[in-house]
Amino acid sequence: MRLRHSTMTLTAVMLGITASARAATTLYVAPSGNDTAGGTREAPFATLQRARDEIRRIKKAGGLPQGGVTVEIAGGVYELAKPLELTAEDSGTAEAPVVYRARQGETVRVLGGNVVTGFKPVTEPAVLDVLAPGARGKVLQADLKAQGITDYGSPAGGGMELFFQTKPMWLSRWPNEGFTKIVEMVGEPEKRDRSMTYKVGKWVYEGDRPARWVKEKDPWVHGYWFHDWAEQRHAIKEIDPVNRTLEVKPPYHNYGYQNGKWYYAYNLLSEIDAPGEWYLDRETGVLYFYPPAPLKDGDAVVSVLPKLITFADVLHVTVQGLLLEAARGTAIEMTGGETNRVLGCTLRNLGGWGVRVSGGKDHGVVGCDLYGTGEGGIALSGGDRKTLTPAGHFADNNHVHHYARIQRVYRPGITLSGVGCRATHNLIDNAPHMGMGFGGNDHVIELNEIHSVCYESNDAGAIYTGRDWSCRGNVIRNNYLHHINGFEGRGCVGVYLDDGFSSADLVGNVFYKVTRAAMIGGGRDNAIENNVFVDCVPAVHLDARGVGWANRYIVPNGGWQMQEKLAAFPYQQPPWTKYPHLTNILDDEPYLPKYNVVARNLFVGGKWDGIQKEAKPLVTLTDNLIDADVKFVDAERANFQLRDDSPAFAVGFKRIPVEKIGLYQDDNRASWPVTHEVRPLQTPPPKAARGPAPTFRVAKSQKPVTVEGTLNPDEWFGLDEKKAMTIGEGVGSEKLDPKSYAWLSWDGEYLYVGMRNLVDPKHPLKTEPQWGENDAVEIALSNPATKGASIYVLRGYPKGQFESSPEAGAPFEVAQDAQRATEYAARIVSPSEWTCEWRIRLDALGIDPKSPAKLQFNLSARKTAGLQWMMWRGTGGHTWDVEEAGLAEFER
């Protein structure tokens, strides 16, 4: 969206500085100063710590002067020997604040690292032999121990880093960009949720490259080993070039490992083969560096200090206009205190966060540029959730980009937690995972622009929260989210209210080219109102996972601990009673997605409706315009303001102030104008051609079928497998074994199904009637001749139990009718086989037995021996997604 930025000036109240509060005392600091000097302009101090100590002396001598104290810092480089630590005794007051600021027009670089000198060409033959041929003669080395640098940290993160020409350099890796993939895991799989996982990190790799790493001192790998949103770094234990296997050292990944997941290797001397790569021999302290430009054209800096500036119970102190960089951890940390500001600073090239605020009240981060951080950008936390007392912290007019270099996931550009924080007018872009995160109560996320995030992960949210009924009163209003579609284009989410999260208002936002733009994951009391969705697939997703696949996670003692989290707060007492529907939630079917509203939204292009069938009856859908010409001002140039004659206004749509979204020019901005690059959307891998849906002809019964669980050849076409429906495809249509076979017939009144299920005899059947957990079979069918027909789902187990499930959207009463119209029996024949039989009355399913149509149909078998989901036709999703399966055609 091309936005016209309004020129705005932050109020004196926001900055905590009044017009009359000009500092009566100014202290001066300069790189050429001396800490024994007087701190005047003519005789400045040399360090920030000396200026701090002078303010302490002034306060003890007679208190702060009217107007407070300003520390004016001259341009230059300040290599901190230790962090600048501010405590309660360093506080100002509202009338006499303390300000540390850069001299106007000058660049003040505060370094938490050391400039490295003494680089020379690599001449040692043993090292040259290891280096890639193209890098020989280009890689330089420096002895860090000789320069007093001996603490290097770990390659797992949080250790020393190298920066050159004010940019992060890359710890040597392969491949240089992107990932390689696991060919095949080694060992026996185990069950993890609904998938297979391998607990031990050992796999077959592709190609011969890892053979080069056998003699490396400390090789590592970093990857997404199971979920697309969970990464981990591992030291390599062993590489076997003969069998092409690689094994990592414990601790193994919490979720385990899967075939086809992506990773790269790093911390490898032999892989310094491109400009910008480096490697540190932690035994000798020798740094190897392939500079991208001559060293005379910039400083090589290594990070040393864990932090740069800390605030502990500090009041009314502002840090303004500084450039803070090269710490191993976070640049600025605040705990407790009140009304402190980080104003117009640049925070870059850090191993941790830019700014972290915990506790206290009314702290603000305003007009800053934050980039190149190893973790997130700004974290604001405070307030009292039991009393719902707001913190009042805020992040305004900041540009946070190219962050989460090291910890790739769950390190947002801005995150809000606690009560009553706000994020406004920020620009967040180019990150591997989340743009923003929030948790707690009464936060406001407003007038922000977010794009090009989640590019290295899937099932992730540009704005994310989840798994808590007590987090209420949050507003996500008038933001612009665009160009977000996940790793390999396989889909992520715009605003992600995950796993039962409830009570957020999504109002007046613009979503452009975002997959699952607004997602409610089984929660309730959420509002999606007055938003614009353009080319989103889908625009709105809403499901009922709390009574479906996720039910086992959210029972009282389950992994989500929803009721325990709620019980931690006085949710039935004031002021908590201000939240509708919360007081009596436990008596109101809490796992159903009730009270969600989707109203007065504009849906243009893409697909608007991702609301699952089982959730749709509970959603209020009102006055939404779908694929109408809503008369944008200039959609081709992504100007989604509405013309005055837009039909949207007739249904109550309110104009969105798009001209105010994002950064604005202000004297307190760290930089202006601001440029930012939109990352091209990734292209999903091509889907395998599936061909037309298969049709299975259901023959007339040869003789009456007795439903007793034993397959009689006379009743079932001689048990000829050529006449059977074969159940042998996985979710993605891959071929699986051992297969199941089903014979189908009908007699003008009933549909009959007989199934033979082959299993691995090495693993005993799991027979308890719990779908997804144990061995079972499933029939799913829908009558396409009936508009809006439900999908009927019937499930049977090896000991004869069966059920009719409403999971696919059938109303409860309809599912009960289907159960009453069904007979089922099963028998365990041997350790390698069990059989079952069905008789289903057609008219009870709304199917005319005199003239049955082709039915959308699928048959599935859950086999726990191999943790397999086997289908007649793989759907790519749920077993009961019959529109992706095949057709059953009844012979006359």
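The values are calculated or read from the model by the stated rules, or taken from the named source; none is laboratory data. Fair warning: this is a prediction, and the values are worked out from it, not measured in the lab. Don't worry about glycine lacking a Cβ; one is built from the backbone with ideal geometry, like all the others, and counts go over all protein chains shown.
Figure legend. Inter-residue proximity from the range 702-722: first residues over 15 Å from Asn757 (Cα atoms), second residues among the basic types (Lys, Arg), beta-carbon distance below 7 Å, spacing 6+ or different chains. Indicated pairs: Val705/Arg839; Val707/Arg839; Asp714/Lys703; Glu715/Lys703; Phe717/Lys723.
Among the strands (runs of 3 or more DSSP E) contained in the range 814-883, which hold 2 or more residues that are over 42 Å from the mean Cα position of the chain (by Cα) and of a type in the set (A, V, I, L, M)?
Working: elements: 822-830, 833-841, 855-863, 868-871.
Answer list for the range 814-883: 822-830.
Residues that are charged (D, E, K, R) and either outside the structural domain of His253 (by TED's automatic domain parsing) or buried (at least 17 other Cβ atoms within 10 Å of the Cβ) (or both) within the range 200-210 comprise just one, Lys202.
Note on the range 148-257: enclosed strands (runs of 3 or more DSSP E) holding 2 or more residues that are not basic (Lys, Arg) are 162-164, 195-197, 202-204, 220-224, 231-240, 245-248.
Does Arg524 satisfy the criteria of being in contact with a strand residue (DSSP E or B) (Cβ under 9 Å, 6 or more places away or on another chain) and either outside the structural domain of Gly559 (by TED's automatic domain parsing) or of a type in the set (D, E, K, R) (or both)? So Arg524 fails the test.
Answer yes or no: is there a residue in the range 125-146 that is in contact with a helix residue (DSSP H, G or I) (Cβ under 8 Å, 6 or more places away or on another chain), part of a helix (DSSP H, G or I) and not assigned by TED's automatic domain parsing to the domain that holds Glu206. Checking the range 125-146: at least one residue is in contact with a helix residue (DSSP H, G or I) (Cβ under 8 Å, 6 or more places away or on another chain), part of a helix (DSSP H, G or I) and not assigned by TED's automatic domain parsing to the domain that holds Glu206. For the range 645-654, the count of residues that are surrounded by fewer than 19 Cβ atoms within 10 Å (Cβ to Cβ), aromatic (Phe, Trp, Tyr) and outside any loop (DSSP other than H, G, I, E, B) is at least one. Pick out the one residue from Gly321, Gly336 that is surrounded by fewer than 21 Cβ atoms within 10 Å (Cβ to Cβ) and in contact with a strand residue (DSSP E or B) (Cβ under 9 Å, 6 or more places away or on another chain). Among Gly321, Gly336, only Gly336 is surrounded by fewer than 21 Cβ atoms within 10 Å (Cβ to Cβ) and in contact with a strand residue (DSSP E or B) (Cβ under 9 Å, 6 or more places away or on another chain). Among the listed residues Asp396, Asp362, Asp442, which satisfies the condition of being more than 20 Å from the chain's Cα centre (by Cα), within 27 Å of Ala567 (Cβ to Cβ) and among the acidic types (Asp, Glu)? After ruling out the rest, the residue left standing is Asp442.
Remark: Glu807 falls outside the filter, which requires a residue to be surrounded by fewer than 18 Cβ atoms within 10 Å (Cβ to Cβ), among the acidic types (Asp, Glu) and out of contact with any Ser or Thr (no Cβ under 8 Å at 6 or more places or on another chain). Within the range 222-268, track down each residue that is in contact with a Lys or Arg (Cβ under 6 Å, 6 or more places away or on another chain) and of a type in the set (Lys, Arg). Lys237, Lys249, listed by residue number. Scanning the range 282-315 for residues that are more than 34 Å from the chain's Cα centre (by Cα), under 20 Å from Trp170 (Cα atoms) and assigned to a strand (DSSP E or B) yields Val286, Leu287, Tyr288.
The strands (runs of 3 or more DSSP E) found wholly in the range 507-622 and carrying at least 2 residues that are surrounded by 15 or more Cβ atoms within 10 Å (Cβ to Cβ) and out of contact with any Asp or Glu (no Cβ under 6 Å at 6 or more places or on another chain) occupy 510-514, 518-521, 527-529, 532-534, 540-543, 597-599, 602-604, 609-611. Specify the residue that is surrounded by the fewest Cβ atoms within 10 Å (Cβ to Cβ); the eligible residues are those in the range 156-168 that are modelled with pLDDT of 95 or more and under 19 Å from Asp218 (Cα atoms). Among them, the one singled out is Met160. Determine which single condition Ala670 fails, assuming it passes every other condition in (1) modelled with pLDDT under 95; (2) not in a helix (DSSP H, G or I). Result: Ala670 passes all but (1).
Residues in the range 63-86 that are of a type in the set (Asp, Glu) and touching a Ser or Thr at 6+ places or on another chain (Cβ under 9 Å): Glu72, Glu85.
When Leu86, Leu10 are screened for being surrounded by 19 or more Cβ atoms within 10 Å (Cβ to Cβ) and at pLDDT 95 or above, only Leu86 passes.
Of all residues in the range 347-354, none are of a type in the set (Phe, Trp, Tyr), in contact with a Leu (Cβ under 8 Å, 6 or more places away or on another chain) and modelled with pLDDT of 95 or more. Just one of the listed residues (Leu794, Leu781) is buried (at least 16 other Cβ atoms within 10 Å of the Cβ), closer than 14 Å to Trp880 by Cα and at pLDDT 95 or above, and it is Leu794.
For the range 72-83, does any single residue satisfy the condition of being farther than 17 Å from Glu106 by Cα and surrounded by fewer than 14 Cβ atoms within 10 Å (Cβ to Cβ)? Scanning the range 72-83 turns up at least one residue that is farther than 17 Å from Glu106 by Cα and surrounded by fewer than 14 Cβ atoms within 10 Å (Cβ to Cβ). Within the range 454-470, being surrounded by 23 or more Cβ atoms within 10 Å (Cβ to Cβ) and touching a Pro at 6+ places or on another chain (Cβ under 8 Å) holds for Cys454, Glu456, Ser457, Tyr464, Trp469. When we screen Tyr290, Tyr279, Tyr257 for residues that are more than 19 Å from Asn176 (Cα to Cα), among the hydroxyl-bearing types (Ser, Thr, Tyr) and in contact with a strand residue (DSSP E or B) (Cβ under 6 Å, 6 or more places away or on another chain), the only hit is Tyr257.
Residues that are within 18 Å of the chain's Cα centre (by Cα), surrounded by fewer than 24 Cβ atoms within 10 Å (Cβ to Cβ) and on the phi < 0 side of the Ramachandran plot within the range 490-506 comprise Arg490, Asp498, listed in sequence order. Residues satisfying the criterion are present in the range 733-740 (criterion: at pLDDT 95 or above, touching a Ser or Thr at 6+ places or on another chain (Cβ under 7 Å), surrounded by 15 or more Cβ atoms within 10 Å (Cβ to Cβ) and not hydrophobic (A, V, I, L, M, F, W, C)).
So, His451, is that one touching a Leu at 6+ places or on another chain (Cβ under 8 Å), in contact (Cβ under 8 Å) with a residue 12 or more places away in the chain and on the phi > 0 side of the Ramachandran plot or not?
Judged against the criteria, His451 is not a match.
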